[in-house]
Amino acid sequence: MKTKPKKSKNKSAQSMNKVVIRNYDETPMKFRSKIDPLNLEEHKLEFLQHGHISQFQFKTFHDDSTGSKDGQIKFDLLPEATRILEMVREEFGCGDRYIEQAFGPRIEVEEASNLITSYLKESGSEGMMTVSWSKDLSCSGQMCWHGPSLRYNRPEARKYFMWIKNSKDNLYLREHGIRCLANHEIATHFYRSLNDGLQPWFSHRQRFGLGSLSSYTLTESEEGLASINTMLEANQKYLYFQALTYYVACKATELTFQELFDHLGQYVVDQELRWKYVMRVKRCLQDPGSVGGYGKDQCYFAGAVDILRNIDTTDFHLMYAGKISREEIPRIKRLARLDFIKLPIFLQNMESYRKQLRHIAVVNGLIQIKSVGKSSQKSSQMSKFGKKKVPRPPSAMSHSLRENSDKDVRCASQTSSRYTPSSRHSTKTKSNTKHANKSSSCRTKKQPSQRSVSPLSESESKTVVKMIYITKEDKKEKDKKLSWWSSRSPSPVNGNVPSEDRMTAVSPVPYSPHRWLLRRRNRTSPNTLGKVNETKDNARSTSQHPLIKI
């Protein structure tokens, strides 16, 4: 008997190994957002050929949202954005040449589809989404999903779609640019959305203290992280088009549609690409040809700058736990389920990822790296020791030691006849006149480097050497007595030691509440090292302790 071939029971496994790619002339209505205009190709041809600007139409009635929080235009990062545009213009001449250097030559849709298929296979995401090409998208690409309501947390029932624009104004439709777009849409938007459906806060964000999915802070962190990941595969690391969107929004407050279109000619030569950026700023106005604009696209550059300036303090694993902003990371630190989340390939090695982000930040002038040289060593010394207290070099230290060693000779020379206080008044320096009336000027301030001192005779030099020898011997004896005293009983607080010798004879003793015991002990205590005023005390101390020499 012939046996029939068995059918594969696991049909889902076959579909998971395939990447579905579709082509559309127009994007279906269910995948359009509220601010995506209809009939964009007609509006573009009407403006480029005839210079006429008509009001944009949307799938639903849309009011002027420029006054909302998302649509407000900010000017905080305008100097940074302008600097990046000028840097690219000085290096490449215009934005068109920068596109070729950063993203490579143009490619066809079939080749781009093969590159996306290989990208999905490398990351293990094949069969998890549908790749769709359309000609009337208002952006280069977008990630969408549809499925059950948010209150029904069913991750297996969601379907994801990646939409890519099939037009010349898509600057990522290039050899390296298509992988940059994949890092933006798949490695950032798709993974964060997929991981967010596995977290406990997916259905109840407000209960966990998280903002809504449409909040501006979340959009800023989401698009900022995606913009940074876009530049990982690029040959040039300038955030050029992110800065351009920020700059265009700022200039829209003072220029009309036509004036803004002409003004951008110094940065972008391609007319279709220029029209795209102006359209995205003016699309929400009731009269697109008037002054004003919609500033939501500023979140790309603002979010990227915020993350690049906080690289070391940002936990990127927690950011990939779901749809959360950078400010909400401490709130979900103990709640996030990190065991089964999906991470992109470039995030497997965190050290190399942070190193790449620092390189992007330095290239765009957002952070500065301190040079390792003399200036950095001086700054580190100033930070450790303060502005005034900086350690002296060894030569200066040795010079100070030589001065201290010669102090005895200088002090002893004051006793000679040829070096008297009267002769010091004859010098013309101001420092000598100040010290003329003082008896011990050598101890208070440093003497001038050049001094006119007459030479000493042989007899006077012998007396000076003898005086120095005697002073050193006395110091040795005092050190011996102090060491003997510290090795035995503690010194009395109110003993019979004279006040003039107490600083050298008595070691410091901390305050004790039982001072009366020390006083009582001091009456019979033999442990006194100073000079004794009376002969009775001398006799008594020598008789009881013959080792003490007075």
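The values are calculated or read from the model by the stated rules, or taken from the named source; none is laboratory data. Being a predicted model, the structure only gives us computed values, none of them experimental. With ligands, DNA and RNA removed, areas are computed over all heavy atoms of the protein, side chains included. Shrake-Rupley method; radii C 1.70, N 1.55, O 1.52, S 1.80 Å.
Among the listed pairs Lys121/Lys168; Lys168/Lys342; Lys59/Lys121; Lys237/Lys296, give every one whose C-alpha distance is greater than 31 Å.
Working: Lys121/Lys168 27 Å; Lys168/Lys342 33 Å; Lys59/Lys121 36 Å; Lys237/Lys296 23 Å.
Those over the limit are Lys168/Lys342; Lys59/Lys121.
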For segment 161-229 and segment 311-362, distance of Cα centres in Å: 14
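Determine the per residue accessible area of segment 107-201 with all protein chains present and a 1.4 angstrom probe, expressed in square angstrom. Let's see the in-between values first.
Working: 3410 Å² over 95 residues.
Heavy-atom SASA per residue in segment 107-201 reads 36 Å².
Given a 1.4 angstrom probe, what's the average accessible area per residue across segment 216-347, in square angstrom?
Numbers: 4610 Å² over 132 residues.
Roughly 35 Å² per residue, with all protein chains present.
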Backbone HN-Hα couplings from phi across segment 159-166 [Karplus 6.51/-1.76/1.60, Hz, Gly and Pro as x]: 10, 10, 9, 10, 9, 10, 7, 9
Solvent accessible area, Å² - Ile341, 1.4 Å probe, full protein context: 30
Residue-wise HN-Hα coupling along segment 190-201, computed from phi with Karplus coefficients 6.51, -1.76, 1.60 (Hz; x: Gly, Pro): 5, 5, 5, 5, 5, 6, 5, x, 9, 9, x, 8
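Specify whether the C-alpha gyration tensor of segment 14-153 places it in the rounded, prolate or oblate class, a ≥ b ≥ c being the square roots of the eigenvalues: rounded for a/c under 1.5, otherwise prolate if a/b is larger than b/c and oblate if not. Walk me through the intermediate numbers first.
Numbers: a/c = 1.57, a/b = 1.18, b/c = 1.33.
It is oblate, given that a/c is not under 1.5 and a/b is not larger than b/c.
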Trp145 - accessible surface, heavy atoms, 1.4 Å probe, Å² rounded to 10: 90
Rg in Å to one decimal, and Dmax rounded to a whole Å, for segment 218-331 via C-alpha atoms: 16.0, 47
Listed residue pairs exceeding 27 Å between alpha carbons, taken from Lys74/Lys276; Lys34/Lys251; Lys159/Lys282: Lys159/Lys282
Percent accessible area from carbon and sulfur atoms, segment 144-301, protein chains only, probe 1.4 Å: 47
Rounded to whole Hz, the Karplus (6.51, -1.76, 1.60) HN-Hα couplings of segment 25-39, x for glycine and proline: 7, 10, 6, x, 4, 6, 9, 8, 8, 6, 10, 8, x, 9, 6
Antiparallel DSSP beta bridges within segment 84-229, percent to nearest 5: 60
